[in-house]
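Here's the structure we're looking at; comments come further down.
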Amino acid sequence: MIETYLLEQLVAVRKHGTLVAAAESMNISQPAISKSMKKLEDMMDIQLFVRTNRKIELNKTGMFFADRAAELLSQEENMLEQVYAYDRNLRNISVGSCAPIPFWELTPVLTSLFAEMSVTTRTEDNDHLIKGLKQNLYQLIVTSCDPKNSDFYTAKFITESMSVSVPKSHPFYNLEKITPKDMQGQFLIVYNEIGIWEDWIHDHFPGIHLMTVSDTDALRDAIGLGAALSFVSDYVANMGYHNKEQKIVPLDMEDKTITYFLSCRKKDYSKYRKVFGRLISR
């Protein structure tokens, strides 16, 4: 069997073009990588390089071999990642969401039903979440669209609609509705990990000035100062977590609501059936 380090060095030669460049990229000496490549040729009993007085470079067979080696190393890396993920999954439930609010619903239910396991959460975009669920890097994901994957069990979860929280001292306090055009040039306080809502802000409010804070306590303190506007969702408002001294003014726009979808792999549905039962039936 060919040792992994030989394949890694061969791929480096293919990528960087010369033994010298490949050796530098791997932080080894040029004689060491030359010895490795000669060993590889002897093991294969195939000539992989064209050698002249001026240079040594891969021949067509060497390039073909290097490309296949790169594929094999990638498969090996993916295999190891899946093994590590499987081991983690025996002790941990990994949940990914495109926005933070779904965690407020999911995490308490998971910790209640799986008290012996830990729950980790991560915010990512839809594409990474769907890919992660396919590869078993996540056991449950929440996306802002239906993944429409035949290997997933998916159910419509919760919705979240955004408005603007306006301090009494702000000129917008007397408005009944606020348009994206009204928001141009305004200062807005936002939490720095809001997932898909960050793209929503940049897409619909290109002229605003964002002031980000790194934790929820700092966010509440900043909003409490009454110096700037902030976005607030109907979910947060219904939970009573908004600043009650400020006025919630609806946004006059169509694209202000996100419907979330909860998914797991179909073969894992029996394990998470009660999770769906508690959350989706609400």
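Please treat every number below as a calculation from the coordinates, not as lab data. Bear in mind the structure is a predicted one, so any value in this text is a computation, not a measurement. Please note: Cβ atoms are built from the backbone with ideal geometry, for glycine as well, and neighbour counts cover all protein chains shown.
Averaging Cα coordinates gives a centre for the range 148-219 and one for the range 35-97; these two points are 45 Å apart. Note on Leu90 and Asp146: the model spin-label points, each 7 Å out from Cα along the C-beta direction, lie 3.8 nm apart. Let a ≥ b ≥ c be the square roots of the eigenvalues of the Cα gyration tensor of the range 161-257; is it rounded (a/c under 1.5), or, if not, prolate (a/b larger than b/c) or oblate? Cα axes put the range 161-257 in the rounded bin.
Take the Cβ atoms of Lys244 and His202, set R0 to 25 Å, and the FRET efficiency comes out at 0.30. Taking each residue as 0.36 nm, the span from Ser74 to Phe172 lengthens on full extension beyond its C-alpha to C-alpha distance by 29.8 nm.
Extension gain for Ser161-Met211 works out to 15.9 nm (0.36 nm per residue, less the C-alpha to C-alpha distance). Shown here for the range 157-213: trypsin sites (Lys or Arg not before Pro) in loop regions (DSSP other than H, G, I, E, B) with at most 11 other Cβ atoms within 10 Å, namely Lys168, Lys181.
Each semi-axis of the equivalent ellipsoid for the range 62-212 is √(5λ) with λ an eigenvalue of the Cα gyration tensor; in descending order they amount to 39, 22, 13 Å.
Close amide H contacts of Ile158 (hydrogens built in the peptide plane, cut-off under 5 Å, sequence separation of 5 or more or a different chain): Tyr260.
In plain terms, the residue of Leu251, Leu210 with the fewest other Cβ atoms within 10 Å comes first and the most crowded comes last, giving Leu210, Leu251. About its Cα centre, the dipole of the range 161-257 is roughly 420 debye, where the only charges are +1 on Lys and Arg Cβ and -1 on Asp and Glu Cβ.
Comparing the chain with the 2.2 N^0.38 Å rule of thumb, its C-alpha radius of gyration ratio is 1.44 (two decimals). Considering only Gly195, Pro167, His209, the residue lying farthest towards the positive end of the dipole of the range 161-257 is Pro167, judged by Cα position with unit charges set on Cβ.
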